[in-house]
Amino acid sequence: MKKSFVIFVCVFDLFGEGRHIYTFENRCIQNPELGLGDDTTKIILNTKGTMDDVTPELKRLLDFIDGKAPEDEFTRELDEAVQSARKNEKWRLDYMTLQMHYQEKYEQGVEQGIEQGIEQGNRQSALRMIEAGKLSLEEIALYSGLTLEQVSELEKEFQPA
């Protein structure tokens with residue numbers, strides 16, 4: 001299996017230890033000798049690190065990401081590429097369109113989740129009313145917000161086979 005890396009860059013110190021770099025591998029907490037065997041290493045880079053734990057080049061990159069001016073050829077080239085991308089109208093339009101699409105999907109998911117939660121709550125209420133046995137199916141439908149057909153189905157589920 002190929003070794004792979006997942007790299008996160010944070011502009012805050014996630015663990016509060018002052019490191020620029022935190023490296024994790026898939027190990028069992030209870031028995032560190034057990035691993036998942038997928039050879040994935042997660043690296044969290046921290047722009048706010050204070051230790052001398054990374055190369056000067058990586059430190060300059062992290063400083064640049066954190067908003068400091070470019071200090072070497074690589075970060076200057078990176079800054080130029082970022083500025084160019086910001087000025088590219090097609091990329092901006094594509095990005096905005098993608099963001100709008102993501103927002104629509106997010107809102108649809110929230111709406112769907114709310115609807116499912118309400119329906120589940122209505123079903124639970126109707127089940128409690130059926131269990132109490134004091135109301136007609138029509139009254140349960142009225143009070144729970146479910147249809148008479150849904151309440152009838154719930155009653156069938158509730159009755160022991």
Count of the stretch 18-43 residues which are more than 23 Å from ASP72 (Cα to Cα) and touching a residue at least 24 places away in the same chain (Cβ under 8 Å): 9
Report whether or not GLU57 is among the charged types (D, E, K, R), modelled with pLDDT of 90 or more, over 23 Å from ARG76 (Cα atoms) and not in a strand (DSSP E or B). no
Filter the stretch 27-43 for residues that are touching a Ser or Thr at 6+ places or on another chain (Cβ under 7 Å) and not hydroxyl-bearing (Ser, Thr, Tyr); the one that is farthest from LEU14 (Cα to Cα) is ASP39
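State yes or no: is ILE140 farther than 30 Å from THR50 by Cα, surrounded by 15 or more Cβ atoms within 10 Å (Cβ to Cβ) and β-branched (Val, Ile, Thr)? Outline the logic, then answer.
Numbers: farther than 30 Å from THR50 by Cα: yes; surrounded by 15 or more Cβ atoms within 10 Å (Cβ to Cβ): yes; β-branched (Val, Ile, Thr): yes.
Answer is yes for this residue.
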Mind checking whether some residue in the stretch 61-79 is in contact with a strand residue (DSSP E or B) (Cβ under 8 Å, 6 or more places away or on another chain), assigned to a helix (DSSP H, G or I), of a type outside the set (Phe, Trp, Tyr) and surrounded by 12 or more Cβ atoms within 10 Å (Cβ to Cβ)? yes
With the condition kept exactly as written, say whether any residue in the stretch 27-39 is more than 27 Å from the chain's Cα centre (by Cα), of a type outside the set (A, V, I, L, M) and in a helix (DSSP H, G or I). no
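Taking the condition without any contact (Cβ under 8 Å) to a residue 60 or more places away in the chain, assigned to a helix (DSSP H, G or I) and among the hydrophobic types (A, V, I, L, M, F, W, C), does LEU98 pass? Write out each step before concluding.
Numbers: without any contact (Cβ under 8 Å) to a residue 60 or more places away in the chain: yes; assigned to a helix (DSSP H, G or I): yes; among the hydrophobic types (A, V, I, L, M, F, W, C): yes.
Considered against the rule, which asks whether it is without any contact (Cβ under 8 Å) to a residue 60 or more places away in the chain, assigned to a helix (DSSP H, G or I) and among the hydrophobic types (A, V, I, L, M, F, W, C), LEU98 comes out as yes.
The values are calculated or read from the model by the stated rules, or taken from the named source; none is laboratory data. These numbers come from a predicted model, not from an experiment. All Cβ positions, glycine included, derive from the backbone under ideal geometry; neighbour counts span all protein chains shown.
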